[in-house]
């Protein structure tokens, strides 16, 4: 199997970001995203667990699936990661699936860097918009604030989506 070609955008601006290039990389990113130091809410749905295990692997073979990460330069530990896809229509719409920053590395603009890198990539690949979502629980307040500060507009609320009492908030950004 030939590895999928990797665009140099946004890696020229953010050389510390790395695309997943091996099964080992994919496993490390999955372990990070599912680990206790990434998401404040650790109650993953079965579907989220499945996606967080398989999307990094899919990024190795499917050109519309992108998975990038950053390591601490001293320890090699993954400190942030992002997964986004061109949506099923392949007409310039992208969906931010997951991104996370290690609890010990927050407030260093790593989340901003991940989003900015994704914006650069999507624009360079004729992206028209990015859709994303988050949960309506208080644990996700910072994610919602980050989306809004980066130009995402709140679109709608789907109550009781993930679990009883846990709804989904949809966001949209025109590029």
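Can you tell which of 47, 27 is surrounded by 12 or more Cβ atoms within 10 Å (Cβ to Cβ), in a helix (DSSP H, G or I) and out of contact with any strand residue (DSSP E or B) (no Cβ under 7 Å at 6 or more places or on another chain)? Give the derivation first.
Details: 47 fails: surrounded by 12 or more Cβ atoms within 10 Å (Cβ to Cβ).
One residue alone meets the criteria, 27.
Residues in the stretch 131-167 that are in a strand (DSSP E or B) and under 16 Å from the mean Cα position of the chain (by Cα): how many?
So the count comes out to 5.
In contact with a helix residue (DSSP H, G or I) (Cβ under 7 Å, 6 or more places away or on another chain), at pLDDT 95 or above and over 30 Å from residue 74 (Cα atoms): which single residue out of 129, 161, 94 fits that description?
Numbers: 129 fails: in contact with a helix residue (DSSP H, G or I) (Cβ under 7 Å, 6 or more places away or on another chain); 161 fails: in contact with a helix residue (DSSP H, G or I) (Cβ under 7 Å, 6 or more places away or on another chain).
Every option except 94 fails the conditions.
Is it the case, given these coordinates, that residue 62 is part of a loop (DSSP other than H, G, I, E, B), at pLDDT 95 or above and farther than 22 Å from residue 167 by Cα? So that I can check it myself, show each step before the final result.
Numbers: part of a loop (DSSP other than H, G, I, E, B): yes; at pLDDT 95 or above: yes; farther than 22 Å from residue 167 by Cα: yes.
So residue 62 passes the test.
From the list 153, 77, pick out the single residue that is within 19 Å of residue 37 (Cβ to Cβ) and either surrounded by fewer than 18 Cβ atoms within 10 Å (Cβ to Cβ) or out of contact with any helix residue (DSSP H, G or I) (no Cβ under 6 Å at 6 or more places or on another chain) (or both).
Numbers: 153 fails: within 19 Å of residue 37 (Cβ to Cβ).
One residue alone meets the criteria, 77.
From (1) surrounded by 16 or more Cβ atoms within 10 Å (Cβ to Cβ); (2) in contact (Cβ under 8 Å) with a residue 40 or more places away in the chain, pick out the condition that doesn't hold for residue 56.
Failed condition: (2).
The values are calculated or read from the model by the stated rules, or taken from the named source; none is laboratory data. Every value quoted in this text rests on a predicted model; they were computed, and no experiment measured them. Because the Cβ atoms are built from the backbone with ideal geometry, glycine has one as well, and the counts that use them run over all protein chains shown.
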